[in-house]
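The values are calculated or read from the model by the stated rules, or taken from the named source; none is laboratory data. Keep in mind that this is a model prediction, so the values were computed, not measured. Glycine also receives a Cβ, built like all others from the backbone with ideal geometry; neighbour counts cover every protein chain displayed.
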Amino acid sequence: MTEDILIQLVCIVVLGIVAQWLAWRISVPSILLLLIFGLIAGPVTGFLRPDELLGDLLIPLVSLSVAIILFEGGLNLKVRDLREIGTVVRNLITVGILVAWILGSLAAHFVLGLNLGLSVLLGSILVVTGPTVIMPLLVQVRPSGRVGSIAKWEGIMNDPIGAMLAVLVFEAIFAGTGGIRDVTSLTITGILNTILIGGFVGILGEIFLVQFMKRYWIPDFLQSPVTLMVVVAVFTLSGQFQEESGLLAVTIMGMILANQSSVSVRHIIEFKENLRILLISVLFIVLAARLLAIDPSFFSIRNILFLALLMLVVRPLSVIISTWGSGLSWQELAFLSCIAPRGVVAAAVSSVFSLRLIDVGYPQAEVLASLTFFVIIGTVVIYSLTLAPLSSWLGLSQPDPQGVLMVGASSWVCQMALALQKGGVKVLLVDTNYGQISKAYEEGLPTYHGNIMAEQTMEEINLEGMGRIMAMTSNDKANSLAALHFSDVFGRAETYQLPLEMERYRGRVAVAPQHLHGRFLFDSKLTYSYLNELFKAGARVETFKLSPDLDYRDIQKNNGDLIVPLFSISETGTLFIFTTGNGNLAPQPGQTHICLIIPKK
């Protein structure tokens, strides 16, 4: 028995992470594969049985996991984003939720034939979307401009508000006061209590954490665990006073923590991002596996029509009404109308409500969870398969970002930037040296005068289309700091810097620990000072289009000089940067190669 439990627990983790990895490899939204893996492991094969495995622990564990995910989502919310989209976000999480609730309830009553009380409850459950499903889609689609920020803010704030609404409606029904007037009165009272209690406890948790970190009462190695402790404590404490207010409390706590400047929380954000991926993977596998064996009525005409109304009528109307007069383009409105997948919170809430209503003999309660999962499966599958091509057709999705953020604007950096720009690669040069930036601007290069590490710089530069950073200033420490700072933005694999000065003389690249710098560019000897010497001696940057009749040997033979490959651009526009660890890339015909030509003495 114990061995069987261990096998199931291990399989949940393995299936979740394998689904995430496979989704990355084949470029599909991870939630789609997580759902498929969960369905196969649960209702299809019967191998995974979460209710038997976890018993009464299932729902509390799901609730805590959702709270942690929402806290991490709050850490990604920057108040500065609201300067342009604040009104739209506010309307979507208030007016939009109200419209979706009313229309969804009417559709459930007249299309599915549910009684009024259960229809109102199902309508309230299905206004919940949340970051567990929104964020993976946004990562996959990479929407450009403000529409991505709007979708992110709505998805994160929608979860606690929608869950709160569903709980309040359920309490009214469970108490036998399912009338519209009673439900409305209880809902308004509950919303006020949730905002006051959740907001107060969330702010209290943030103050406690910041003050302890500010006074160095928490050692570095305990800051992430203590933060996790405070999150679950805040969630639980708030919920003791007002049910489901804990979700709002942790979201507010995360948002305030992300926007304060007293202490650094970058390491906490990185920890929570890793934890979020694990939790989402496990939750989707577990909740999908909880479905009973799918029967033919699951895909009935009524269910399909209900899903179609939610996606084609309810969501577009709630978006249109919420954004009236906002100035959003029709393309942005169309995108927002097509991104409302339901996720973990809807699944968890409906499962709990269904069990409790069945216990008291409430009519039709047994269909609540299955209808919710039908909507979850339908919205996840359809949005996952259609959102990327739709956003591309609307002109709102960013292509695979190949642009380069170049820190430093010396004359030879400008030569490299011009060669990349002529090859179709987007570049942006940032430097504190006004003279160098001015010369770069005069040469036709996009520039920004400022410190790359300053918060103002991050707010003002446009990183749209940028996929990597190359730090090439004369200061090794500044290069390393820039690379480390932007590893959270571009990932460690796409953060580059010039080799350290010490590497040139040691002849190797293992002096500094890998986690303290970016990937070293080009060749271990090509430090800033050495490149300066080479360019003063006549070195230059040239571009070559390779063909079956022209390769490196021909180029070197024709030039009679030493050639060092710097960049390679494929026929499809994909940029490859040569580093000290991958300088043996085999050139292929059709590629454009940007090289450093060093004259022989």
Problem - Residue among Val66, Val10 that is assigned to a helix (DSSP H, G or I), free of Cβ contacts under 8 Å to residues at least 40 places away in the same chain and under 25 Å from Leu228 (Cβ atoms) - result: Val10
Fill in the blank from the handout: Reported set for segment 23-48 where residues are loosely packed, with under 14 Cβ neighbours inside 10 Å and either at pLDDT 80 or above or at positive phi (or both) is Ser27, Thr45, Gly46, Phe47
Handout entry: Counted residues, segment 107-120 - those being surrounded by fewer than 18 Cβ atoms within 10 Å (Cβ to Cβ) and under 33 Å from the mean Cα position of the chain (by Cα)
Key = 0
Practice task
Sort out which residues of segment 297-321 are of a type in the set (Gly, Ala, Ser) and either touching a residue at least 12 places away in the same chain (Cβ under 8 Å) or part of a helix (DSSP H, G or I) (or both), and write them in order of number.
Solution key: Ser297, Ala308, Ser318
Exercise for the section: Enumerate the pairs (first residue in segment 76-99 and in contact (Cβ under 8 Å) with a residue 40 or more places away in the chain; second residue anywhere and part of a helix (DSSP H, G or I) and hydroxyl-bearing (Ser, Thr, Tyr)) with beta-carbon separation below 6 Å, excluding pairs fewer than 6 apart on the same chain, so at least 6 apart or on different chains. Expected result: Asp81/Ser149; Ile85/Ser149; Asn91/Ser322; Leu92/Ser322; Val95/Ser322; Gly96/Ser318; Gly96/Ser322; Val99/Ser318
Handout entry: Cβ-Cβ under 8 Å pairs, at least 6 apart or on other chains, segment 520-533 side closer than 11 Å to Trp412 by Cα and in contact (Cβ under 8 Å) with a residue 40 or more places away in the chain, far side charged (D, E, K, R) and surrounded by 15 or more Cβ atoms within 10 Å (Cβ to Cβ)
Key = Tyr528/Asp476
Practice task
Could you tell me which of the residues Ile358, Ile382 is of a type outside the set (Asp, Glu) and modelled with pLDDT of 80 or more?
Solution key: Ile382
Problem - Criterion violated by Lys545 - all others in (1) at pLDDT 80 or above; (2) of a type in the set (Lys, Arg); (3) exposed (fewer than 14 other Cβ atoms within 10 Å of the Cβ) satisfied - result: (1)
Exercise for the section: For segment 579-591, state whether one or more residues are assigned by TED's automatic domain parsing to the domain that holds Thr527, modelled with pLDDT of 75 or more, assigned to a strand (DSSP E or B) and within 18 Å of Lys422 (Cα to Cα). Expected result: no
Exercise for the section: With the condition kept exactly as written, say whether any residue in segment 357-369 is farther than 26 Å from Arg142 by Cα, assigned to a helix (DSSP H, G or I) and in contact with an Asp or Glu (Cβ under 7 Å, 6 or more places away or on another chain). Expected result: yes
Problem - The listed residue being closer than 24 Å to Val425 by Cβ, out of contact with any Cys (no Cβ under 8 Å at 6 or more places or on another chain), modelled with pLDDT under 80 and small (Gly, Ala, Ser), out of Gly573, Gly560 - result: Gly573
Exercise for the section: Return a yes/no flag: does segment 535-542 have any residue that is assigned to a helix (DSSP H, G or I) and modelled with pLDDT of 80 or more. Expected result: yes
